[in-house]
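Values in this text are rule-based calculations from the coordinates and carry no lab data. The structure presented is a predicted model; accordingly, all values stated were derived computationally and were not measured. Using ideal geometry, Cβ is built from the backbone for each residue, glycine included, and neighbour counts are taken over all protein chains shown.
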Amino acid sequence: MAVDTQTVEKLAELARIAISAETIDEVSSRLGEVLQLVDQLQAVHTEGVEPMAHPLDEVQVLRADEVTEPDRREAFLALAPQSEEGLYLVPKVID
Amino acid sequence: MHQLTIAEIVRGLREKQFSSVEITRHLLNRIQQLDGNYNSFITVTGELAQAQAAAADQRLAAGDAPALCGVPIAHKDIFCTSGVRTSCGSKMLDNFTPPYDATVVEKFNSAGAVTLGKTNMDEFAMGSSNETSYYGPVKNPWNTNCVPGGSSGGSAAAVAAQLAPGATATDTGGSIRQPAALTNTTGLKPTYGRVSRWGMIAFASSLDQAGPIARNAEDCAYLLSAMAGHDEKDSTCLNRPVQDYTLNLNDSIAGLKIGVPKEYFGEGLNADTAARVQEALKAFERLGAELVEISLPHTELAVPAYYVIAPAEASANLSRFDGVRYGYRCEDPKDLRDLYMRSRGEGFGDEVQRRILVGTYALSAGYYDAYYNKAQQVRRLIKQDFVQAFEKVDVIMGPTAPNPAFGIGAKSADPVAMYLEDIYTIAANLAGLPGMSLPCGLVNKLPVGLQIIGNYLEEARMLNVAHRYQQVTDWHQQYASPASAV
């Protein structure tokens, strides 16, 4: 199924990825090709089939609610493009 | 020395034919001289390797060293390596130096293995040709105008060019097996959950799995024995005992029932590839195995189901790359939205962006049931096909890829044509089953891979079956005509 550029713009907004005006047509048509591929699934009878999220149907393992990780804040902050006094810096959000 | 297998290196080190420092230096020199032809490494860790080799030599001298002590290997650049850049083949992580080791890396380090470097890969593991890497395409040592396959193209090429005797890799839709097939190497994707994903940059969490690429099944057995096992830090990791995979390699396979799915020999399969695979199946008959025709009726739905599930999971996993805590940040963002939009728009390549958008679509309100939920239902049908087949047969065999290596650029303009490269490998990821590829012949001097799919947690049996074949054939010992060598 074809995807129009409006849909692509909406998806780009949801995914927070800037798509330039020059490439949006190409992106739309590529996306359309992929969605055409996956549309084959619509023809399959799946009533009563349980969706499968984990290949071996394992369940989430739990552990005791205890602190076991060391504090590595400095090491992680060092990776940030901009940080100050233990905080990550971003452009102002609230006026 | 670069022609030695891992098993031979293990023996050679213990018999003092050479030291770890010697073989490590030899391979580092070789990488420096030859990798310009292949671009299989993103980062070479020369100093680290020599330090690890020296430490390994001491451990070996003291006696009681683990099997892989002193053995040089390479790691796909998707595994976090503490203090060493880990790029995942992307501009987004070009400046990323992890402060910790992935569990897989830690296990090899504890075993005394030597890290030669980080290998090239398709960006964020999305690809089947190693053409989407920010660091440029990898060239197939068998023909440098051709792709090595992907996404673990760098690991496969490094082993094929004898720059490393073994390498770690990952497989989400075929990314270990398909490059192994295209480069005449042996690669194995374990059962989902057999190997820890901690520190392995996530693409599709219900499909990703780490595994080895090496020259033969025996070497893969050495590597897998070191990689596999429970890890508390990965809650999807299975808590089941790990065996020494080298112990059963020589078991007889007389009476083995091999399922041959009729759907794997239909349209789209290159005729010469089919012929090589049929010859391999006959070799198995001569070893005492019995071929059984089976059907996996939902085979054609594997690629469509995967291209909903994998992008959906990827869109969630890659949402962490936002220019805030690590990785690429755009210049002078004017507000938070701009920070996100441009960091991601500039940091991610086209294929990654495409898949994130597909995934976003599949998970968005109004589409979730029609796409994601539906795909998960189809996924269960695919798994059921295998469960039924394994009631009648012990292993399943067929071609790994529908064609030998193709030219660089030949499929990059057509995403769907590229996706069909994984047509035989994807189902095993969806079902969580282990699979491997091993060399079974050449077509116009390009390698062909035979795929073995095993039942859950039957890696030992698959390796045994592959090893028996490799004892009576020598496809895995062929190498591309070398460029001027050390």
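Over the Cα atoms, compute the radius of gyration (one decimal) and Dmax (the largest Cα-Cα distance, rounded to a whole number) for the protein assembly as shown, in Å.
Considering the protein assembly as shown through its Cα atoms, Rg and Dmax are 23.0, 78 Å.
For B:Lys139, B:Lys411, what ranking results if the residue with the fewest other Cβ atoms within 10 Å of its Cβ goes first? Before the final figure, lay out the partial values.
Numbers: B:Lys139 23, B:Lys411 20.
Listing B:Lys139, B:Lys411 from fewest to most nearby Cβ atoms yields B:Lys411, B:Lys139.
Per-residue mean of other chain beta-carbon atoms within 10 angstrom of the beta-carbon, peptide B:348-357? Please list the in-between numbers first.
On the way: counts 2, 0, 4, 1, 1, 8, 5, 1, 6, 14.
Average per residue, whole number: 4.
Compute the length gained on full extension between B:Lys445 and B:Glu15: take 0.36 nm times their separation in residues and subtract their Cα-Cα distance, giving the result in nm to one decimal.
Details: separation 430, 0.36 × 430 = 154.80 nm, distance 3.66 nm.
Additional length available on full extension: 151.1 nm.
Please list, or write none, the lysines whose alpha carbon is within less than 17 Å of the alpha carbon of B:Lys257, excluding same-chain residues fewer than 8 places away.
Within the straight-line cut-off, B:Lys257 pairs with B:Lys282, B:Lys392.
Would you mind giving the mean number of other chain beta-carbons within 10 Å of the Cβ of each residue in A:69-82, as a whole number?
Details: counts 1, 0, 0, 2, 0, 1, 4, 4, 2, 3, 8, 6, 11, 3.
Per residue, the number of nearby Cβ atoms from other chains is 3 on average.
Please report the antiparallel percentage of DSSP beta bridges with both residues in chain B, rounded to the nearest 5. Spell out each step's value before the answer.
Values: 32 of 45 bridges.
Expressed as a percentage, antiparallel bridges in chain B total about 70.
Give the separation of the Cα centroids, region B:17-34 to region B:177-210, in Å.
Each part's Cα centre sits 27 Å from the other's.
Amide H of B:Gly117 versus every other amide H placed in the peptide plane: which residues, excluding those fewer than 5 positions away on the same chain, fall under 5 Å?
So B:Gly117 has HN proximity to B:Thr45, B:His75.
Quick one: of A:Lys10/B:Lys334; B:Lys139/B:Lys262; B:Lys76/B:Lys139, which pairs are farther than 23 Å apart, Cα to Cα?
On the way: A:Lys10/B:Lys334 21 Å; B:Lys139/B:Lys262 33 Å; B:Lys76/B:Lys139 16 Å.
Violating the 23 Å Cα-Cα cut-off are B:Lys139/B:Lys262.
For the cross-link pairs B:Lys189/B:Lys374; B:Lys233/B:Lys383; B:Lys91/B:Lys411; B:Lys118/B:Lys383, which exceed 29 Å when the distance is taken from alpha carbon to alpha carbon? Let's see the in-between values first.
Values: B:Lys189/B:Lys374 26 Å; B:Lys233/B:Lys383 27 Å; B:Lys91/B:Lys411 22 Å; B:Lys118/B:Lys383 34 Å.
Where the Cα-Cα span goes over 29 Å, the pairs concerned are B:Lys118/B:Lys383.
Taking 0.36 nm per residue of sequence separation and subtracting the Cα-Cα distance, how much length would be gained by fully extending the chain between A:His45 and A:Leu89, in nm to one decimal?
Full extension of this stretch gives 10.8 nm more.
Suppose we look only past 19 Å in the calculated P(r) of region B:1-143. What percent of the Cα-Cα pairs does that tail hold? Walk me through the numbers before you get to the answer.
Numbers: 5334 of 10153 pairs.
For region B:1-143, the share of Cα pairs beyond 19 Å comes to 53 percent.
For B:Thr24, B:Thr81, what ranking results if the residue with the fewest other Cβ atoms within 10 Å of its Cβ goes first?
On the way: B:Thr24 27, B:Thr81 24.
Result, fewest neighbours first: B:Thr81, B:Thr24.
Suppose we take every Cα in region A:1-89 and form the convex hull; what volume per residue is that in Å³? Intermediate results must be reported in sequence, preceding the final value.
Details: hull volume 19.7 nm³, N = 89.
Dividing the Cα hull volume of region A:1-89 by its residues yields 222 Å³.
Post the alpha-carbon centroid distance, region B:441-474 to region A:68-84, in whole angstrom.
So the separation of the two Cα centres works out to 45 Å.
Taking the alpha carbon gyration tensor of chain B, what are the square roots of 5 times its eigenvalues, largest first, to the nearest whole Å?
31, 29, 21
Can you give the convex hull volume of the alpha carbon atoms of region B:92-202 per residue, in Å³?
Numbers: hull volume 11.7 nm³, N = 111.
It comes to 106 Å³ per residue, whole-number rounded.
Based on the Kirkwood radius over alpha-carbon pairs, what value in µm²/s does the Stokes-Einstein equation return for the translational diffusion coefficient of region B:416-476 at 10 °C and 1.306 mPa s? Don't jump to the answer; show the numbers that get you there.
Values: Rh = 12.9 Å.
The estimated diffusion coefficient comes to 123 µm²/s.
How high is the relative contact order of chain A, given as a whole-number percent (alpha carbon pairs under 8 Å, six or more residues apart)? All intermediate terms of the calculation are to be shown ahead of the outcome.
Details: 37 pairs, mean separation 20.2, N = 95.
It comes to 21 percent, rounded to a whole number.
Using Cβ contacts closer than 10 Å as the measure, can you line up B:Ser437, B:Ser82, B:Ser87, B:Ser252 from fewest to most?
Working: B:Ser437 35, B:Ser82 16, B:Ser87 25, B:Ser252 10.
Starting with the residue having the fewest Cβ neighbours, the order is B:Ser252, B:Ser82, B:Ser87, B:Ser437.
Would you be so kind as to identify all helices of chain B, as entire DSSP H runs, whose Cα atoms reach 18 Å or more along the helix's own axis and whose mean Kyte-Doolittle hydropathy is at least -1.0?
Details: long enough: B:20-34 (21 Å, -0.21); B:46-62 (24 Å, -0.02); B:271-286 (23 Å, -0.49); B:302-317 (22 Å, 0.63); B:350-363 (20 Å, 0.03); B:374-389 (23 Å, -0.70); B:459-472 (20 Å, -0.70).
Once both thresholds are applied, what remains is B:20-34, B:46-62, B:271-286, B:302-317, B:350-363, B:374-389, B:459-472.
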